[in-house]
Amino acid sequence: KLTAAIIGSGVAGLASAIRLSAKGFDVHVFEKNSYPGGKLSEIQVGNYRFDAGPSLFTMPQYLEDTFTAAGLRLADYFLYVKHPTACHYFWDDGTFLPASGNLNEFAAKVEEILQVPKNRVIEYLENARFTYEKTGRIFLEKSLHKLGTWLTTETLKAIAHLPRYQITTTLHRVNEKWLEHPKLVQLFDRFATYNGSDPYQTPGIMHIIPHFEHNVGTFFPIGGMHAITQALYKAATDLGVKFHFNTQVDKIRWEGNVAKGVVTDGDFQPFDLIVSNMDVVPTYKYLLPDAPQPEKILSYPRSSSALIFYWGVKHQFSELDMHNIFFSNDYKAEFEHIFRKKTIYHDPTVYINITSRWNAGDAPEGCDNWFVMVNVPGNTGQNWDELLQQTRENVLSKLSKRLGTAIEPLIEAEATLDPRSIESKTFSYQGSLYGAGSNDMFSAFARHPNFSRKIRNLYFCGGSVHPGGGIPLCLLSARIVSDLIETP
Ligand code: FAD
């Protein structure tokens with residue numbers, strides 16, 4: 001049997017392991033942590049369980065597809081339900097917009113609360129669907145770095161609609177033109193944060209992102225987001241994949257432009273092929289220091305990172321749902337602070353995710369598990385202890401005012417995560433959530449390929465390479481890697 005080494009057990013590493021094992025490889029996964037999942041893991045704080053990173057599950061078909069490719073049934077490993085509500089939106093002036101997961105109900109609510117005709121929202125999302133259907137299969141599901149991707153009638157047809165994709169303007173401008181009302185523009189600008197970018201800079205084609213949430217829906221895994229990791233890990237184990245936890249890969253060895261194996265704890269282990277699920281920047285810097293470096297790609301600015309407060313709250317607020325957003329009063333200033341000043345705005349947009357009402361056991365009776373997240377810049381040496389303290393005060397004050405109750409006395413369990421700890425836990429360069437940022441066309445679409453151009457039998461998957469970050473795209477990166485590798 002040919003052997004494959006996978007460096008890292010993030011969602012893309014696990015999905016690659018499943019696909020390569022199903023292809024007939026003897027697969028070994030090396031993971032420096034004692035647990036699988038990378039960013040998609042969980043933590044327990046007192047009597048409260050929290051998903052550590054991702055909280056929004058979209059496009060479950062890519063997970064289905066991972067299992068089907070290996071001849072497995074997703075339902076034997078993992079169950080999920082469609083969540084009826086997309087998000088509850090709050091503004092400081094008292095405006096409250098509960099966004100239904102049903103498109104017509106959402107559009108009707110927008111008309112009722114913001115007086116924007118409901119057809120405006122429906123047409124915007126129809127356009128998002130059009131762009132996704134024309135471009136998604138080509139630009140997300142295939143390697144952009146193979147000529148075959150470009151020489152198809154499907155690609156030529158997609159290119160024929162180029163002006164509709166709004167690549168020469170920014171997402172914010174597209175939203176201003178279509179949606180007019182500043183609050184509705186802010187609501188749709190927020191989708192830029194789904195790949196860690198700035199709506200005032202990221203290309204207008206990012207208007208496809210809300211297609212996932214509003215046309216397809218948001219889903220909730222039974223057991224919480226961490227159940228995705230558990231399902232992938234169990235499937236891989238059932239297929240015979242061998243996991244080596246607490247084992248860091250220190251080098252990828254290559255000779256004569258061919259990858260030969262990995263070095264762990266000073267020992268060389270030969271493999272026929274290697275897939276790195278480690279962030280591409282440290283992969284080159286630490287594991288391949290002598291290899292030719294793709295300098296331009298490695299120097300792209302990173303996506304945003306996050307500051308997270310995991311709060312066990314001994315109260316349930318009826319106005320809160322699973323996903324909740326408390327908007328900043330000055331969105332432009334907030335993004336200028338994140339991407340230009342590299343610090344945190346004093347009035348940040350606050351996201352609260354609660355799973356305890358849908359996943360019994362995540363919090364004690366009558367209490368909720370609040371995952372409170374603020375978008376922040378990557379770690380470039382800021383004074384995070386000070387920023388964390390200031391932001392905690394600002395967030396508590398904003399939420400207490402808007403919810404009409406002092407929040408701090410309700411917190412009975414607490415933990416935090418910041419760009420430094422994201423970086424040390426997962427080796428993501430600067431603690432960025434989605435690899436390179438997508439603030440211009442190059443960094444958005446010219447990501448590192450899923451294979452090495454210089455070293456044969458070396459492949460890359462995960463959020464820092466093509467097609468990008470987030471669970472659905474990470475799963476696609478594993479599919480592309482598997483498609484690039486011939487069945488032995
Ligand atoms: P990672 O999760 O980055 O894992 C890489 C793994 O490799 C780690 O386990 C690491 O320990 C291991 N590793 C690295 N180097 C080595 C080495 N040399 N040797 C051995 N092991 C190594 N996405 C969504 O879809 N929805 C969301 O709501 C969402 N919210 C997010 C919120 C937060 C706070 C964060 C942090 C991320 C969020 N994301 C979200 C993004 C999503 O989590 C990531 O895109 C995805 O999980 C990344 O998976 P990955 O396969 O790239 O690997």
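The criterion of being under 28 Å from LYS401 (Cβ atoms), assigned to a strand (DSSP E or B) and in contact (Cβ under 8 Å) with a residue 40 or more places away in the chain holds for PHE50. Of the residues making up the stretch 45-57, one or more are farther than 17 Å from GLY469 by Cα, within 11 Å of the ligand (Cβ to nearest atom) and crowded, with 24+ Cβ neighbours inside 10 Å. Taken together, GLU105, GLU42 contain a single residue that is within 15 Å of the ligand (Cβ to nearest atom) and either open to solvent by 40 Å² or more (accessible area, probe 1.4 Å) or over 23 Å from the mean Cα position of the chain (by Cα) (or both), which is GLU42.
Every residue, every condition in (1) aliphatic (A, V, I, L, M); (2) closer than 30 Å to MET441 by Cβ; (3) at pLDDT below 95, yes or no:
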| residue | (1), (2), (3) |
| --- | --- |
| LYS260 | no, no, no |
| PRO282 | no, yes, no |
| LEU287 | yes, yes, no |
| TYR331 | no, yes, no |
| GLU334 | no, yes, no |
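If you go through the stretch 399-435 and keep only what is under 21 Å from PHE50 (Cβ atoms) and among the charged types (D, E, K, R), you end up with GLU408, GLU412, GLU414, ASP418, ARG420, GLU423, LYS425. In the stretch 264-293, how many are touching an Asp or Glu at 6+ places or on another chain (Cβ under 9 Å) and assigned to a strand (DSSP E or B)? Selection size over the stretch 264-293: 1. Answer yes or no as to whether LYS82 is more than 10 Å from the ligand (Cβ to nearest atom), touching a residue at least 24 places away in the same chain (Cβ under 8 Å) and open to solvent by 30 Å² or more (accessible area, probe 1.4 Å). The answer is yes for LYS82.
Report whether or not LYS118 is outside the structural domain of LEU187 (by TED's automatic domain parsing) and open to solvent by 20 Å² or more (accessible area, probe 1.4 Å). No; evaluated as a whole, the condition is false for this residue.
Counting just the residues of the stretch 219-259 that are of a type in the set (Val, Ile, Thr) and assigned to a loop (DSSP other than H, G, I, E, B), which one comes out nearest to GLY101 (Cα to Cα)? Filtering the stretch 219-259 for residues that are of a type in the set (Val, Ile, Thr) and assigned to a loop (DSSP other than H, G, I, E, B), the one nearest to GLY101 (Cα to Cα) comes out as ILE222. A Cβ distance below 8 Å, combined with a sequence gap of six or more or placement on separate chains, defines the contacts here; from the stretch 246-261, residues that are closer than 15 Å to PHE460 by Cα reach residues that are near the ligand (Cβ under 9 Å from one of its atoms) and small (Gly, Ala, Ser) in the pairs ILE252/SER276.
Within the stretch 430-479, the set of residues being within 13 Å of the ligand (Cβ to nearest atom), in a helix (DSSP H, G or I) and of a type outside the set (Lys, Arg) comprises GLN430, GLY431, ILE471, PRO472, LEU473, CYS474, LEU475, LEU476, SER477, ALA478.
Just name the residue that is most open to solvent (accessible area, probe 1.4 Å) out of those in the stretch 401-423 that are closer than 16 Å to VAL350 by Cα and in a strand (DSSP E or B). Within the stretch 401-423, the match that is most open to solvent (accessible area, probe 1.4 Å) is THR416.
None of LYS251, LYS260, LYS234 is surrounded by fewer than 23 Cβ atoms within 10 Å (Cβ to Cβ), within 15 Å of the ligand (Cβ to nearest atom) and not aromatic (Phe, Trp, Tyr) except LYS251. Just one of the listed residues (ALA17, ALA12, ALA22) is touching a residue at least 24 places away in the same chain (Cβ under 8 Å), more than 24 Å from PHE427 (Cα to Cα) and aliphatic (A, V, I, L, M), namely ALA22.
The values are calculated or read from the model by the stated rules, or taken from the named source; none is laboratory data. In this text the structure is predicted, and so the values were computed from the model without any measurement. Cβ: placed from backbone, ideal geometry, glycine included. Neighbour counts: every protein chain shown. Note: accessible area is taken over every heavy atom of the protein model, side chains too, but ligands, DNA and RNA are not part of it. Shrake-Rupley method; radii C 1.70, N 1.55, O 1.52, S 1.80 Å.
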